[in-house]
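Chemist: Sharing a structure below in structure tokens format, with a few things to ask.
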Amino acid sequence: MKILVSVFLFTAVLSFYSPVFAGECEGDCIEGQGTYTWPGGNKYAGEFKSAKMDGQGTLSLSSGNKYTGQFKNNKMDGRGTFTWAGGNKYAGEFKNGKMEGLGTFTWPSGNKYAGEFKNGEMDGQGTFAWPDGNKYTGDFRNDKIEGTGTKTFSNGEKYIGIFRNGIIEGQGTYTWPSGNIYTGDFKSGEMDGRGTMTWPDGRKYIGNWKKSEMEGQGTLYYKDLVRFQGLFKGGEPDK
């Protein structure tokens, strides 16, 4: 058995332009409502304060990217929605021009993240859902699944425990629809180290694991009676 978690990560680079008067203005681009168009094709329509984008407005970039929401001192600040020409979309909180706070990011592939952002990245508590039905809820750090969380799979399998760099790594519990339960160490997405596996038929193994197989010293029980104690190799007693 091999357990892998793959997350499509993103980096949002958002550029803004101060309305120096090299373009065209319609309305009041100093203190009020107006529309300002830059020579390069970028366009802002909304509120101005002290000749800066400030308040509610829409910034349309020549690249096809678009932001609608709150501005402060020429930067996205408050609640808003940013859509990319490629189909990515973020709706939520911004601070000082970056995604910061609570929000939802969606990809054209069907991937979706809802939770906390910090400095333009997924960071804090959140939920990431894949279009195949898999879902992760827990800690994120620097745009990656990192820390403690729960991953549920569309086939009914479930893991609760530690993740590192987007992969199951550390202490955790993995359950199968069949009723099998493993609690113990994981490494690179596989059962590796010390752990306990129980089966619905009453079997239980306590011991060492390597690459998701019983390997090394361990004890196999059946309904609380010792069936084998010693070395295991390739998932079987090494008799």
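Chemist: In the structure shown, do any of LYS95/LYS158; LYS187/LYS223; LYS135/LYS233; LYS95/LYS144; LYS144/LYS204; LYS89/LYS158 have a Cα-Cα gap over 26 Å, and if so which?
Modeler: Those over the limit are LYS95/LYS158; LYS187/LYS223; LYS135/LYS233; LYS144/LYS204; LYS89/LYS158.
Chemist: Subtract the Cα-Cα distance of VAL226 and SER60 from 0.36 nm times their separation in residues, and report this length gain in nm to one decimal.
Modeler: Working: separation 166, 0.36 × 166 = 59.76 nm, distance 7.05 nm.
My answer for the length gained is 52.7 nm.
Chemist: For the chain, set up a Gaussian network in which alpha carbons nearer than 10 Å are linked by springs, and say which option among ASP143, ASP185, ASP201 fluctuates the most.
Modeler: Greatest mean-square fluctuation among the candidates belongs to ASP201.
Chemist: Something else now. Listed here are the pairs LYS151/LYS239; LYS210/LYS239; LYS112/LYS210; which of them are more than 29 Å apart at the Cα? Mind dumping the intermediate values first?
Modeler: On the way: LYS151/LYS239 37 Å; LYS210/LYS239 18 Å; LYS112/LYS210 34 Å.
Beyond 29 Å between Cα atoms: LYS151/LYS239; LYS112/LYS210.
Chemist: Additional query: Cα centroid distance between the range 129-150 and the range 68-124, in Å?
Modeler: One Cα centre to the other: 18 Å.
Chemist: Where does the longest stretch of the chain lie that holds no chymotrypsin sites (Phe, Trp or Tyr not before Pro) found in a DSSP loop with 12 or fewer other Cβ atoms within 10 Å? Display every interim value, and only then the final one.
Modeler: On the way: sites that count: PHE8, PHE21.
Within the chain, the longest run free of exposed chymotrypsin sites (Phe, Trp or Tyr not before Pro) spans 22-239.
Chemist: Below 8 Å between Cα atoms, with a sequence gap of 6+, how large is the relative contact order for the range 59-210 in percent?
Modeler: On the way: 374 pairs, mean separation 13.7, N = 152.
Dividing the mean separation by the residue count of the range 59-210 yields 9 percent.
All of the numbers you see were taken from the coordinates with simple rules; none came from a lab. Just so it is clear, the model here is predicted, and its values are computed rather than measured. Virtual Cβ from ideal backbone geometry, glycine too; neighbours counted across all protein chains shown.
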